[in-house]
Amino acid sequence: ETGALCEPFACALQAVVELTVIKPGDVVVVSGPGPIGLLCAMLAKAHGAQVVVLGTPGDATRLAAARQLGADHVVDVETGDAKAVVADLTQGYGADVVIECAGAEASAALCLDLVRKMGRYTQVGLFGNRVTVDLDKVVVKQVHFQGSMCHTWETWEHTMRFLGKGLIDLRPLITRRLPLGQWEEGFQGVLAKRDLKVLLFPEE
């Protein structure tokens, strides 16, 4: 089961471990609590960060999962105040690192507001279309801004070493196990955000 999740884990590992500098005690905001976002949050937590996961009202189940997987704070951005939470954690300076995993314009704009001066912003989520964000904030705050897509061969080797040491348990991300013939039911569960990852196994 862990092996079935190696590929998404490798994507998150490249973004969080290989490209983004996270130091123990950093405040890291992950916006978008889908499977990739949750993996990024787990990796940030494993590196000693205080982790804040942001989502929307439709992400209630996923935000609850984020809490169970070790996030220090979870915020529904429509009913909670993400800026106040981050300000309280950082004495008003802003998050050391923001990782955008939702692929939504509003999420990216909020991440740029939350990151501190000289902070790090990593874009993981794909928008699927052109978006408008205020890049002046990148310049004025002198933010280190980068994107991360997929993984390299070196990332795969790093992934195998990381998992081989048992540093993170990926199995809690599997919220349902179904025979291959019920694949459509599994897809519907993920699309409706009832499930995180559905494991399909061959029928005998």
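The values are calculated or read from the model by the stated rules, or taken from the named source; none is laboratory data. What you see is a predicted model; the values in this text were computed from it and never measured. Because the Cβ atoms are built from the backbone with ideal geometry, glycine has one as well, and the counts that use them run over all protein chains shown. SASA here: full protein model, heavy atoms, side chains in, ligands and nucleic acids out. Shrake-Rupley method; radii C 1.70, N 1.55, O 1.52, S 1.80 Å.
Of all accessible surface on the stretch 142-195 at a 1.4 Å probe, what whole percent is carbon and sulfur? The partial results should precede the final answer.
Details: 2130 of 3700 Å².
Of the solvent-accessible surface of the stretch 142-195, carbon and sulfur hold 58 percent.
Quick check for you: with a 1.4 Å probe and neighbouring chains kept, what is the accessible area per residue of the chain, in Å²?
52
What are the semi-axes of the equivalent ellipsoid for the stretch 87-126, taken as the square roots of 5 times the Cα gyration tensor eigenvalues, largest first, in whole Å? Please list the in-between numbers first.
On the way: eigenvalues 73, 19, 10 Å².
Largest first, the stretch 87-126 gives 19, 10, 7 Å.
Which one of Asp96, Asp136, Asp113 has the biggest mean-square fluctuation once the chain is modelled by GNM with Cα springs under 10 Å?
Asp136
Rounding to the nearest 20 debye, state how big the charge dipole of the stretch 1-81 is about its Cα centre with +1 on each Lys and Arg Cβ and -1 on each Asp and Glu Cβ.
180
Using only the alpha carbons of the stretch 1-102, determine the length spanned along each of the three principal axes and report them from longest to shortest in whole angstroms.
40, 31, 20
Determine, at each q value in 0.09 (inverse angstroms), the log₁₀ of I(q)/I(0) that the Debye formula gives when each Cα of the stretch 57-177 is one equal point scatterer.
-0.32
Rank Val16, Val75, Val124 by mean-square fluctuation in a GNM of the chain with C-alpha springs under 10 angstrom and give only the top-ranked residue.
Looking only at Val16, Val75, Val124, the largest GNM fluctuation is found for Val75.
Would you list, by chain and number, the aspartates and glutamates whose Cα falls below 15 Å from the Cα of Lys197, excluding same-chain residues fewer than 8 positions away?
Partners within reach: Glu1, Glu7, Asp59, Asp169, Glu184, Glu185.
For the stretch 134-204, what size does the Cα cloud have along each of its three principal axes, sorted from largest down, in whole Å?
Taking max minus min along each principal axis of the Cα atoms, the stretch 134-204 gives 58, 33, 20 Å.
Could you list, bin by bin from short to long, the percent of Cα-Cα pairs of the chain in 10 Å steps?
Cα pair-distance distribution for the chain, in percent: 9, 36, 36, 16, 3, 0, 0.
Anyone know which of Thr132, Thr152, Thr61 comes out most mobile in the 10 Å Cα GNM of the chain?
Between Thr132, Thr152, Thr61, it is Thr132 that shows the largest mean-square fluctuation.
Excluding same-chain residues fewer than 8 positions from Lys137, which lysines have a Cα within less than 20 Å of its Cα?
Reachable lysines: Lys83, Lys117.
Beyond 14 Å, how much of the Cα-Cα pair distribution for the stretch 1-51 remains, as a whole percent?
48
Roughly speaking, to the nearest percent, how much of the stretch 1-102's 1.4 Å accessible area is carbon and sulfur?
Here carbon and sulfur together make up 51 percent of the probe-accessible area.
Going from the alpha-carbon gyration tensor of the stretch 52-92, what semi-axes, largest first and in whole Å, does one get by taking the root of 5 times each eigenvalue?
After diagonalising the Cα gyration tensor, the semi-axes are 18, 13, 4 Å.
Residues with beta-carbon under 9 Å from that of Gly48, excluding Gly48: net charge, scoring Lys, Arg +1 and Asp, Glu -1?
Local net charge: +1.
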